[in-house]
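The values are calculated or read from the model by the stated rules, or taken from the named source; none is laboratory data. Everything numeric in this text was worked out from a predicted model, so none of it was measured. In this analysis, Cβ positions are derived from the backbone assuming ideal geometry, glycine residues included, and neighbour counts consider all displayed protein chains.
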Amino acid sequence: MPLIHLTTVIHAPAQRVFHLSRSIKLHEISMRQTNEKAISATATNLMQPGDVVTWQARHLFKKRLLKVTITEMQQPDYFKDEMIEGDFLSMNHEHHFKAIVNGTIMIDLFKFESPFGIAGKIFNSVYLTNYIRKLLTQRNMVIKQYAESDNWQTVLHAEVTAV
């Protein structure tokens, strides 16, 4: 099972970074290149434990759905989302936030398992792991940009248009 481990230093308080990281609206902004949208959500914007979001995006020349739920949360240090339905056999994403003197260290641990046995493992090593790493890195840069800006609250109070 591949594991993507990313560390991002953000010059903003951990509580702010934690809130921005669970914002549906900011997630959509950070994934514009794949046109990712929440098409169904139990959350209004900031995801809480038990909330379920169905994401729709275009990946690898195809429209795809990924339904996730927030399974664990310890505010403002950690939360975890896990796949309920989607193209992976399994997927979970741990989000860790550690306050430091000049801001926050944000750590992502993204684990996934692809279908198709050996062919899936080869596809992971040749392409998919790097593809997901780039998406997560882009997302983290958008979180960093908003967290370090003066208008970070605008995205927290945004309405989500999911049905």
Of all residues in the range 4-17 being in a strand (DSSP E or B) and out of contact with any Phe, Trp or Tyr (no Cβ under 7 Å at 6 or more places or on another chain), the one that is surrounded by the most Cβ atoms within 10 Å (Cβ to Cβ): Ile10
Over the range 74-129, the set of residues of a type in the set (S, T, N, Q), touching a helix residue (DSSP H, G or I) at 6+ places or on another chain (Cβ under 6 Å) and at pLDDT 95 or above is Thr104
Exactly one of Thr154, Thr129, Thr104, Thr137 is among the polar types (S, T, N, Q), under 23 Å from Ala38 (Cβ atoms) and in contact (Cβ under 8 Å) with a residue 12 or more places away in the chain, and that one is Thr137
For His93: the one exception among (1) surrounded by 13 or more Cβ atoms within 10 Å (Cβ to Cβ); (2) within 25 Å of Ser40 (Cβ to Cβ); (3) without any contact (Cβ under 8 Å) to a residue 12 or more places away in the chain: (3)
Condition met for Leu109 (more than 21 Å from Thr34 (Cβ to Cβ) and touching a residue at least 24 places away in the same chain (Cβ under 8 Å)): yes
Positions within the range 127-148 being of a type in the set (D, E, K, R) and either in contact with an Asp or Glu (Cβ under 6 Å, 6 or more places away or on another chain) or more than 15 Å from Ser23 (Cα to Cα) (or both), in sequence order: Arg133, Lys134, Glu148
For the range 41-63, how many residues meet the condition of being over 19 Å from Lys80 (Cα atoms) and either modelled with pLDDT of 95 or more or out of contact with any helix residue (DSSP H, G or I) (no Cβ under 9 Å at 6 or more places or on another chain) (or both)? 4
Would you confirm whether or not the range 130-151 contains a residue that is over 13 Å from Ile10 (Cβ atoms), of a type in the set (Asp, Glu) and either at pLDDT 95 or above or in contact with a strand residue (DSSP E or B) (Cβ under 9 Å, 6 or more places away or on another chain) (or both)? no
Out of (1) in contact with a strand residue (DSSP E or B) (Cβ under 8 Å, 6 or more places away or on another chain); (2) in contact (Cβ under 8 Å) with a residue 40 or more places away in the chain, what's the single condition that is false for Gln48? (2)
Here are some conditions: (1) surrounded by fewer than 12 Cβ atoms within 10 Å (Cβ to Cβ); (2) among the β-branched types (Val, Ile, Thr); (3) in contact with a His (Cβ under 7 Å, 6 or more places away or on another chain). Ile107 meets all but one. Which one does it not meet? (1)
Hits in the range 93-126 (condition: within 19 Å of His19 (Cα to Cα) and among the polar types (S, T, N, Q)): Asn102, Thr104
